[in-house]
Amino acid sequence: MILRSLGALVLVLASGTGEAGAMTSPAPAAGASCDYYVAPSGSDRGDGSARRPWKSLEQARDQLRAKKRQLRCDIVVNVKAGDYVVDKTIEFTEADSGENGHKITYRSADGPGKARLLGARPLTGWQKHNDTIYKTKIDRNFYTLFEDGKRATTARHPNRTSDDLWSPYLFSVLGEPEKEAVRQWLYFKPEDVPKEWDADFDKNSQIVVWSGGSWSWFTDTVPLGGADFRKNFFTLNHWARYSFVNSRSGSRYFLQNTLRFLDQPGEYYFDFAAGEVYYWPRTSIDKVMAPTVKTIISLKGSSPERRVQNLAFDGLALQYSDFVDWYRAGWISEGDSGYEHKYPVYDRQIEMPRNRFGMITLTNSRDIDLTRLRLSDSGFMGVYMLFANERVKVSDSLLENIGADGIKVEGGYPGEGDISGHHTISNNYISHVGELVPGDASGIELLSTGNNVVSNIVVKHSARYGISLEVRPEVKDEDNYARNNRFSYIRLEETGLDSGDMGAFYTYGVSNVDPHPVDNHVSQMVIGDVINDPAGAMPDSGTRGVHMDAGGCGFSFENIEVGKVSDDKYQSYQCNEVKNANWADGFDASKMEYDKIGVTSAFPYPLPGAAQ
C-alpha cells in the first residue's frame with residue numbers, strides 16, 4: 001500500500017507497541033503539521049489524503065477523533081474550494097479538541113472564502129400561481145429566504161422604501177383607555193387595515209413591532225392569533241416585550257406573511273398550514289435558496305470543566321442560516337426564566353434559550369480561533385458566544401447581511417462567576433446588521449464579559465448600535481464582569497438608522513457606584529453621522545454618537561470624533577475621563593490616527609461597496 005500523506009505516515013510510525021523489534025520513530029519536530037484534505041469530490045471511503053480526500057467536515061472530524069490521540073503535531077484539514085451543503089449543524093465537542101498542546105485547524109485550502117459551507121438548499125418544483133408569482137410545496141418550515149445571494153422580504157404592508165431600510169411603519173393606537181398597558185392586543189387605525197382584509201389574518205400572519213410606544217429599543221416578531229374588525233385590534237400569540245402605547249406615542253409596526261401583501265419582486269409568502277411557499281422572483285426562480293439550519297458550526301463542550309478547545313477555522317465562507325417563528329428580546333420580567341439567580345433582573349437582558357444561537361455558536365470553549373471567515377446572510381447572529389468561553393479570537397473576517405448582531409458575547413449571570421472573557425475581536429468588517437431584528441441590533445455586543453480587546457473594526461449600517469457593552473444598573477460593582485475592555489481604532493458608520501435614545505457606541509449599567517475606577521478604555525474612534533431614516537417616523541428621543549446609559553461609568557475616552565447627530569454627540573454622567581474628543585473645546589484632529597482606524601491592509605476580502 002502506498003502511503004499518501006504525512007498524516008498517514010506518522011500514524012503508521014506511531015502505532016508500534018513499544019515491544020522489542022517494534023518499528024518506532026521520533027515525533028515530528030515542534031511546529032510540524034499533519035495535513036488532511038476535504039473536497040466536494042471526496043468519498044466516504046477516502047483516507048483524508050490529497051488524492052483520496054474526505055467529503056465533508058463531519059467526516060474529517062469523526063476520523064480525527066481517533067487519529068489525533070496518536071499524533072504529536074498540529075493538524076491542518078485543508079478544505080478544498082467548492083460548496084458544501086449543511087443539512088444538519090456541524091457539531092464539535094471536547095472530543096474534537098486539539099490535544100497535547102497542538103491545534104486542529106480547518107482551513108480553506110485555496111484562499112479565503114473559497115470553501116463555502118451553505119446552510120440552505122435550492123427550492124424546486126415551482127409552478128406558476130399567476131403571471132408573476134410562483135409557488136411550490138415544501139417539506140420543512142423556515143423563516144427567511146434568499147434569491148441568488150440576496151435576502152428576500154417576507155410579503156409585508158406597508159412595503160419597505162428600499163432593501164436597505166425597514167421603513168415605513170404603521171402606528172398602533174389606544175383602543176380603550178384601560179388598554180394602555182396591554183402587550184397582546186395591538187389596536188390599529190381602521191384606515192390602515194381595511195375590513196376586506198379580515199380573512200387574510202389567519203395563523204400564517206405576523207407582526208413586526210417596536211413595542212413600547214415611543215420607545216424604539218427592541219423589536220418583536222410575533223405570529224398573529226387573529227384580527228377583530230369590530231374593535232380594530234390584532235391578537236398576538238405571544239406577549240411583546242413592552243406595551244403598545246405610552247403617553248407620547250403608539251408603537252411602530254408592519255404586518256407580514258399574508259398573500260395579499262405579495263405585490264412586488266423579491267417578496268415571499270409562506271403558507272405554513274398548507275406547506276406551500278409563494279415567491280415573486282427578482283431574476284430567476286431557479287436561484288431561490290431556503291435555509292436548512294439555524295447554526296452551521298457549533299462548538300460546545302459538555303460543561304465549563306470539559307471544554308472544546310484548541311480548534312481553529314480559517315478562511316471558510318459560511319452563507320445562509322435560518323431565523324425563528326417568533327422573537328422577543330429577553331424575558332419580560334425579572335425571574336421569568338424560572339431559575340434562581342443573584343440578579344434575577346438579568347433575565348430581561350439575555351436572550352431566552354430558544355434564541356441562543358448564531359451561524360457559529362460557541363459554549364464551553366477555550367482557545368478557539370475564527371480567522372479570515374466570511375459570514376453572510378444569517379438568519380440571526382453571526383458569531384454567538386454563550387456563557388463559558390475564554391480566549392476566543394475573531395479576526396480578519398467579513399460579516400455581512402446579518403439577521404441580528406454581527407458578533408455577540410453573552411457572559412453568565414452577574415455575581416455567579418466570571419466565565420467569559422479575554423477574547424480578541426480584531427480587524428473585522430461588519431456590514432448590514434439587524435436585517436430581521438432591527439431592535440437592539442449591534443455590530444458587536446458584549447454582555448457581562450471583560451478583559452476583551454476590540455480593535456480595527458468597521459461597523460456599517462445598523463438600525464441601532466455599532467458597538468455596545470452592557471450589564472444591568474442593579475448589579476453591584478463586585479458582581480460586574482464588564483471590566484478591563486479595550487476598544488481602539490474603531491469606525492462606526494450609518495448607525496441609528498431606525499431607532500432612538502441610542503449611541504453608535506453604547507453602554508448600559510456598567511458601573512454604578514462611586515468612585516467609578518476607570519477600567520474600560522476607548523481610543524481612536526471615528527463615528528460617522530448618526531441620523532435616522534426619515535421615512536421611519538421614529539418617535540423616540542434623538543441619536544447620539546456615544547451614549548453612556550444608566551450608570552455607564554468608569555471609562556476613558558481619548559481621541560474620539562463624532563459626526564452629525566440629532567441629539568448629543570456624547571451623553572454621560574460626570575463619571576468618565578475624556579481627552580481630545582470633538583464634542584469638547586480644544587479638539588485636536590492631528591492626534592487622530594485616521595490611517596490606522598478601521599480594518600488594516602491585511603484584511604483579506606474586498607470591502608463591501610468598494611470599486612472592484
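Pairs are defined by a Cβ separation below 6 Å, a sequence spacing of at least 6 or placement on different chains, a first member in the range 91-103 that is touching a residue at least 40 places away in the same chain (Cβ under 8 Å), and a second member that is polar (S, T, N, Q); the pairs so defined are Glu91/Ser298; Ser97/Gln309; Ser97/Asn310; Gly98/Asn310; Lys103/Asn310. Among the residues of the range 363-404, those identified as under 16 Å from Ile457 (Cα atoms), touching a residue at least 60 places away in the same chain (Cβ under 8 Å) and assigned to a strand (DSSP E or B) are Arg374, Leu398, Glu400. If you filter the range 537-552 down to residues that are buried (at least 24 other Cβ atoms within 10 Å of the Cβ) and of a type outside the set (Gly, Ala, Ser), you find that the one that is farthest from Arg160 (Cα to Cα) is Met548. Can we say Ala463 is within 30 Å of Ser167 (Cβ to Cβ) and free of Cβ contacts under 8 Å to residues at least 40 places away in the same chain? Here the answer is no, as Ala463 does not meet what is asked. The strands (runs of 3 or more DSSP E) falling completely within the range 62-150 that include 3 or more residues that are open to solvent by 30 Å² or more (accessible area, probe 1.4 Å) map to 134-137.
Candidates Ala602, Ala589, Ala610: the one that is more than 27 Å from the chain's Cα centre (by Cα) and of a type outside the set (Lys, Arg) is Ala589.
Show me the strands (runs of 3 or more DSSP E) found entirely inside the range 168-274 where at least 3 residues are surrounded by fewer than 21 Cβ atoms within 10 Å (Cβ to Cβ), of a type outside the set (A, V, I, L, M) and free of Cβ contacts under 8 Å to residues at least 40 places away in the same chain. Of the strands (runs of 3 or more DSSP E) lying wholly inside the range 168-274, those with at least 3 residues that are surrounded by fewer than 21 Cβ atoms within 10 Å (Cβ to Cβ), of a type outside the set (A, V, I, L, M) and free of Cβ contacts under 8 Å to residues at least 40 places away in the same chain span 220-228. Out of Gly443, Gly411, Gly382, Gly466, one residue alone is closer than 20 Å to Leu316 by Cβ and crowded, with 23+ Cβ neighbours inside 10 Å. It is Gly382.
Scanning the range 302-313 for residues that are surrounded by fewer than 23 Cβ atoms within 10 Å (Cβ to Cβ), out of contact with any Gly (no Cβ under 8 Å at 6 or more places or on another chain) and touching a residue at least 12 places away in the same chain (Cβ under 8 Å) turns up Ser302, Ser303, Pro304, Arg306, Ala312. Residues that are of a type outside the set (S, T, N, Q) and either at pLDDT below 95 or under 23 Å from Asp271 (Cα atoms) (or both) within the range 150-165 comprise Lys150, Arg151, Ala152, Ala155, Arg156, His157, Pro158, Arg160, Asp163, Asp164, listed in sequence order. With the structure loaded, tell me whether Gly509 is open to solvent by less than 30 Å² (accessible area, probe 1.4 Å), on the phi > 0 side of the Ramachandran plot and over 18 Å from the mean Cα position of the chain (by Cα) or whether it fails that test. Yes, satisfied.
The values are calculated or read from the model by the stated rules, or taken from the named source; none is laboratory data. Given the structure is predicted, the values throughout are model-derived calculations rather than measurements. Cβ: placed from backbone, ideal geometry, glycine included. Neighbour counts: every protein chain shown. Accessible surface is based on the protein model in full, side chains and every heavy atom, while ligands, DNA and RNA are left aside. Shrake-Rupley method; radii C 1.70, N 1.55, O 1.52, S 1.80 Å.
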